[in-house]
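Following: one structure in structure tokens, then a few remarks.
Bear in mind these aren't lab numbers, they're just calculated from the coordinates by the rules spelled out. Only a predicted model underlies this, so the values are computations on that prediction, with no experimental measurement involved. Glycine also receives a Cβ, built like all others from the backbone with ideal geometry; neighbour counts cover every protein chain displayed.
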Amino acid sequence: MRSRSMIVAALLCKLRTSSFNEITISEIAASAGVSRKTFYKNFHGKQDVIDEYICELVDQYLAQAKQLGFVDFRDLLIHYFTFWNASAPTLRVLQRNNLLGSVLDVQTRRLIELLPLQPLPWHDGELGDEKHIDLLMIGGLWNILRFHLQHGDAIKPAALSDEIIASLSLRTAVALPARL
């Protein structure tokens, strides 16, 4: 486990000064203080290291969310933006290396299996399968965050959450035509 953490830290450190494609496994292993054999015992390649880091972040997010015990959607949004905003420097490093898409991929895989099991007040089995609404929320929130990261905007989680809720309320209150 210690080797895995050291390898993840080494790759993230190297990404601050070098591009993902230029970094070799040997460089990562040397920076982590492990052999190439140890690297390959733990990971198949560099992308696996990135995926491991993102899984750890998603698990931290879920653990914090569970600990906070949300009672409303606004609190969940605020937590989402606050949590990921705290990781903005590393997310920007991933962005510079064209690896930001990996965050959405890993986030989607982890959250789509775990969200239905979360004790959130708006999860209601009587309403049917929530997979599509969960996918909409995962992708939608991530795109909002990614947009602000790309534009260097300072994210104010409470204000952003209020804006999202107001926009959703306004637009869902308007009757949509049967055919678009």
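Partners of LYS37 within straight-line reach, counting lysines whose Cα lies under 28 Å from its Cα and excluding those fewer than 8 residues away in the same chain: LYS14, LYS46. The C-alpha atoms of the chain define a longest principal axis, and helix 73-86 lies at about 20 degrees to it. Over the chain, dividing the summed -39,500 (n - 2.57) contributions of all DSSP H runs of at least 4 residues by the number of residues returns a 222 nm mean residue ellipticity of -23000 deg cm²/dmol. So what is the orientation-averaged projected area of the range 1-43, using the convex hull of its C-alpha atoms, in nm²? If I average the Cα hull's projected area over directions, I get 2.5 nm². Between ALA10, SER167, VAL93, the Cα set farthest toward the positive side of the dipole of the chain (charges on each charged residue's Cβ, about the Cα centre) is that of ALA10.
Straight-line cross-link reach from LYS66 at under 21 Å between alpha-carbon atoms covers these lysines, not counting any fewer than eight positions away in the same chain: LYS131. Neighbours of VAL103, meaning other residues whose beta-carbon lies under 10 angstrom from its beta-carbon, give a summed charge of -1 when Lys and Arg score +1 and Asp and Glu score -1. Electrostatic bookkeeping for ARG74 treats Lys and Arg as +1 and Asp and Glu as -1; over the other residues with beta carbon under 12 Å from its beta carbon, the sum is -4.
Going by alpha carbons, how many degrees (0 to 90, nearest 10) lie between the helix axis of 2-15 and the longest principal axis of the chain? Helix 2-15 and the main axis of the chain meet at about 80 degrees. Sorting 27-35, 15-23 by their mean Cβ neighbour count within 10 Å, with the most densely packed peptide first, gives 27-35, 15-23. Does the range 46-173 come out rounded, prolate or oblate, given a ≥ b ≥ c as the square roots of the eigenvalues of its C-alpha gyration tensor, rounded meaning a/c under 1.5 and, failing that, prolate meaning a/b above b/c? Because a/c hits 1.5 or more and a/b fails to exceed b/c, the range 46-173 counts as oblate.
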